[in-house]
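Step one of this worksheet: look at the structure below.
The values are calculated or read from the model by the stated rules, or taken from the named source; none is laboratory data. A quick note: this is a predicted structure, and the numbers were derived from the prediction, not measured. Here the Cβ positions follow ideal geometry from the backbone for every residue, glycine too, while neighbour counts run over all protein chains shown. To get the accessible areas, we keep the full protein, side chains included, count just its heavy atoms, and leave off ligands, DNA and RNA. Shrake-Rupley method; radii C 1.70, N 1.55, O 1.52, S 1.80 Å.
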Amino acid sequence: MAKSSTEVAIEGLKRLLSDKEGLDDVAAVKIEKLTAELQEQDHEEEFDPVRRIKDGFIHFKTHHFDKCPAYYKKLAEEQHPKFLVFACSDSRVSPSYVLNFKPGEAFMCRNIANMVPAFNQLRYSGVGAVIEYAVKHLEVENILVIGHSRCGGIKALMSLPADGTTSNDFIDDWVKIGLPAKAKVESEWSHATFEEKCEHCEKESVDLSLVNLLSYPYVRAALANKALKLMGGYYDFVNGTFGLWKADFDIKPEIIIGSS
Amino acid sequence: MATDSCEDAIAELQKLLSEKCGLETLAAAKIKQITAELEKTGSEPFDAVERIKSGFARFKTEKYEKNPALYDELAKRQSPKFMVFACSDSRVCPSHILDFQPGEAFMVRNIANMVPPYDQTKYSGVGAAIEYAVLHLKVENIVVIGHSCCGGIKGLMSIPDDGTTASDFIEQWVQICLPAKSKVKTENSGLTFQEQCTNCEKEAVNVSLGNLLTYPFVREAVVKKTLALKGAHYDFVNGSFELWSFDYNLCPPLPA
């Protein structure tokens, strides 16, 4: 095999050192410096996104897709997820990972601060479409809204100035969906630190989203038929815990006044 | 995933039985017992709470507790290199199909993985996610991933020509990618409805990529070459994944 350019260069250096005396110490220092520089360069190898995506898919294909052909063939025909999950877009909280959902188990909506706004065809058609499809068409049995620790969106909500001014194009306007949760936290935990208030708000906002789900007629109808359950969740990645609670909504007939 | 560890466990058991003699009768009886127990479990009503509890317990023991250094770092901050748009479809989570680990990809999931154009009234949800990812997290790549048998795209392709809709939200939402439908209906009129849907799944990704450029912070980052835009299509019928890049550039003004 032909010698590499580095092999040729090293041979030339060795030849020089054997021909000329007194260069060893100087040469050793220079060579050690070069080695250290090259080691650093090696660590800063450029990230290749195409390579990352290719490797990722190949990993999935070999370890999962090709190993369970019957499972994936069935899924390709139809999906019957039992869950609709709302989770934050945060890269650390994917429910597929954190709750070990397999393909086919959970229909998912991910947005900033896992918010469910109330029914609004003008402003919130994205979330509306997800709920409409999941509840009416896929007939999911459970809706789970998951909040999480250190949520940037909730922090932005808690940082909104009281005068209502916004400092960005979209973020402030979106997180304002959670204002009722913020108001509750400010009133009930007025003496808590900012971080503590954020944590309370992360959970209160989940409860607010669960209430907002009721503004969708298909959710109400499914609840009334006892075909749907609503749950709130909280993933704390600082302490490695997951809190889960159910939300029960019921309308019971009491009395009708005025008829004899 | 459960299906894989089952296969591995069965393989291990078969290996043991082939190596050690005299276990067959006992093993056969026990395997029949397990099968009967599992059959019974399979017919019990689904317990959602149990499913979530066991799912988290699995993650905690197999991942979280095994990588304390990683999760300590992640708890402080996230620095994902990707922002990913994927469909809400339960079969196409990028954590599965691209093996994204915690911290790698900021994710938006909605019907038919759509990116609507800049609109502070109608589309603040997507706008907020893009704004946060590009300006605050400074992601280096945005990938929009379409997929086979997409119900949202099928819905788009099924809207009658006179534009009447029968849903509260779905049809209004998927019409974000109406230009994709028009293109497909014009250029692929000879194809079957299913083939047209497949083409539309990919064209809609291109419409979404174009819509990304309506956000000034996206345009700026793309021109500065700190952000790359990519489109993709996951075909779960054939088990393949296509990836393409979307280039956008501004040339210096021509001399007068």
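Spot the failing condition for residue B:254; the list is (1) free of Cβ contacts under 8 Å to residues at least 60 places away in the same chain; (2) touching a helix residue (DSSP H, G or I) at 6+ places or on another chain (Cβ under 6 Å), and only one is missed. Single failed check for residue B:254: (2).
Counting only helices (runs of 4 or more DSSP H) wholly contained in segment A:1-120, the ones carrying 2 or more residues that are over 25 Å from residue B:239 (Cβ atoms) and not hydroxyl-bearing (Ser, Thr, Tyr) occupy A:5-19, A:24-43. Checked against (1) more than 23 Å from the chain's Cα centre (by Cα); (2) part of a helix (DSSP H, G or I); (3) touching a residue at least 24 places away in the same chain (Cβ under 8 Å), residue A:183 passes all but condition (3). The single residue among A:122, A:84 that is surrounded by fewer than 19 Cβ atoms within 10 Å (Cβ to Cβ) and modelled with pLDDT of 95 or more turns out to be A:122. Here residue A:78 fulfils each of the conditions (1) more than 30 Å from residue B:10 (Cα to Cα); (2) acidic (Asp, Glu); (3) at the interface with chain B (Cβ under 10 Å from one of its Cβ atoms) apart from (1). Taking the criterion of being facing another protein chain (nearest Cβ under 7 Å) and touching a residue at least 60 places away in the same chain (Cβ under 8 Å), the residues of segment B:111-133 that qualify are B:111, B:127, B:131.
Taking first residues from segment B:148-175 that are among the aliphatic types (A, V, I, L, M) and partners that are assigned to a loop (DSSP other than H, G, I, E, B) and open to solvent by 20 Å² or more (accessible area, probe 1.4 Å), the Cβ contacts under 7 Å between residues at least 6 apart in sequence or on separate chains come to B:159/B:165.
Condition check ((1) part of a helix (DSSP H, G or I); (2) more than 19 Å from residue A:83 (Cβ to Cβ); (3) at pLDDT 85 or above) across all residues:
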site: B:18; (1), (2), (3): yes, yes, no
site: B:27; (1), (2), (3): yes, yes, yes
site: B:34; (1), (2), (3): yes, yes, no
site: B:37; (1), (2), (3): yes, yes, no
site: B:46; (1), (2), (3): no, no, yes
site: B:50; (1), (2), (3): yes, no, yes
site: B:55; (1), (2), (3): yes, no, yes
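Looking only at segment B:165-178, decide whether some residue is of a type in the set (D, E, K, R), surrounded by 20 or more Cβ atoms within 10 Å (Cβ to Cβ), within 12 Å of chain A (Cβ to nearest Cβ) and out of contact with any Ser or Thr (no Cβ under 7 Å at 6 or more places or on another chain). No: segment B:165-178 contains no residue that is of a type in the set (D, E, K, R), surrounded by 20 or more Cβ atoms within 10 Å (Cβ to Cβ), within 12 Å of chain A (Cβ to nearest Cβ) and out of contact with any Ser or Thr (no Cβ under 7 Å at 6 or more places or on another chain).
When each of B:81, B:60, B:53 is tested for being within 26 Å of the chain's Cα centre (by Cα), facing another protein chain (nearest Cβ under 8 Å), surrounded by fewer than 21 Cβ atoms within 10 Å (Cβ to Cβ) and touching a residue at least 60 places away in the same chain (Cβ under 8 Å), the lone residue that passes is B:81.
The residue list B:146, B:155 contains one member that is within 25 Å of residue A:128 (Cβ to Cβ), within 11 Å of chain A (Cβ to nearest Cβ) and in contact with a helix residue (DSSP H, G or I) (Cβ under 6 Å, 6 or more places away or on another chain), which is B:155.
Looking at residue B:246, is it more than 27 Å from residue A:218 (Cβ to Cβ), at pLDDT below 95 and surrounded by 13 or more Cβ atoms within 10 Å (Cβ to Cβ)?
yes
Whenever a residue of segment A:71-92 is farther than 17 Å from residue A:237 by Cβ, its partners that are open to solvent by 60 Å² or more (accessible area, probe 1.4 Å), lying with C-beta atoms within less than 8 angstrom and at least six residues away or across chains, give the pairs A:76/B:149; A:76/B:237; A:82/A:141; A:82/B:46; A:83/A:141. More than 30 Å from residue A:58 (Cβ to Cβ) and charged (D, E, K, R), is that true of residue B:20? Yes.
Identify, from the list B:79, B:90, the residue that is small (Gly, Ala, Ser), part of a loop (DSSP other than H, G, I, E, B) and over 28 Å from residue A:138 (Cβ atoms). Even if it seems obvious, please write down each step before you answer.
Working: B:90 fails: over 28 Å from residue A:138 (Cβ atoms).
None of the other options fit; the residue is B:79.
Scan segment A:148-165 for residues that are in a helix (DSSP H, G or I) and of a type in the set (Lys, Arg) and jot them down. Scanning segment A:148-165 gives a single hit, A:155.
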